[in-house]
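Participant: Structure below; questions to follow.
The values are calculated or read from the model by the stated rules, or taken from the named source; none is laboratory data. Note that the structure is a prediction, hence the values are computed from the model and not measured. Note: ideal-geometry Cβ built from the backbone for every residue, glycine included; neighbour counts use all protein chains shown. These accessible areas exclude ligands, DNA and RNA; they are computed on the full protein's heavy atoms, side chains included. Shrake-Rupley method; radii C 1.70, N 1.55, O 1.52, S 1.80 Å.
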Amino acid sequence: MERRPRLRTLTRVSRGCGRATFAKRWRCEWCECKETETPSKSAGPSGPKTLCNACGSRFRSGHTSMPRQTDDGHFLCSECSRAFATIGALGGHRRFCDSGNWRCNWCSANYNECSGK
């Protein structure tokens with residue numbers, strides 16, 4: 001019986017007690033997160049299961065690429081340029097983003113003047 005060559009997408013992961021399991025080396029095409037860092041995989045421009053859950057949500061809402069990032073890896077809002085540590089936090093912000101035009105109804109201070117409270 002002829003043996004098939006093994007796929008190189010598997011990495012051996014030690015689980016103690018002499019047992020070993022194998023984990024795929026999948027990464028999101030946009031944000032490079034690992035399979036263990038996302039609850040599910042989503043379809044993207046390159047086909048099924050190519051994006052993480054957060055990037056897949058962005059793709060389904062019409063985005064065509066990863067959001068801009070700062071030098072320290074934070075994600076920038078395209079409307080108001082505020083930085084967020086995760087794509088999920090950016091997504092939550094986008095629902096309420098007012099393009100940086102928010103003003104307090106009582107004192108007319110903008111977001112930067114009131115320290116975001």
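Participant: Any idea which of A109, A43 is of a type in the set (A, V, I, L, M) and surrounded by fewer than 13 Cβ atoms within 10 Å (Cβ to Cβ)? Spell out how you get there, then give the answer.
Facilitator: Working: A43 fails: surrounded by fewer than 13 Cβ atoms within 10 Å (Cβ to Cβ).
Result of the check over A109, A43: A109.
Participant: What's the number of the condition R58 fails, among (1) farther than 25 Å from E113 by Cβ; (2) open to solvent by less than 70 Å² (accessible area, probe 1.4 Å); (3) out of contact with any Phe, Trp or Tyr (no Cβ under 9 Å at 6 or more places or on another chain)?
Facilitator: (3)
Participant: Next up: Find the residue count for segment 61-84, including only residues that are more than 19 Å from D98 (Cα to Cα) and open to solvent by less than 50 Å² (accessible area, probe 1.4 Å).
Facilitator: Adding up the residues that qualify gives 3.
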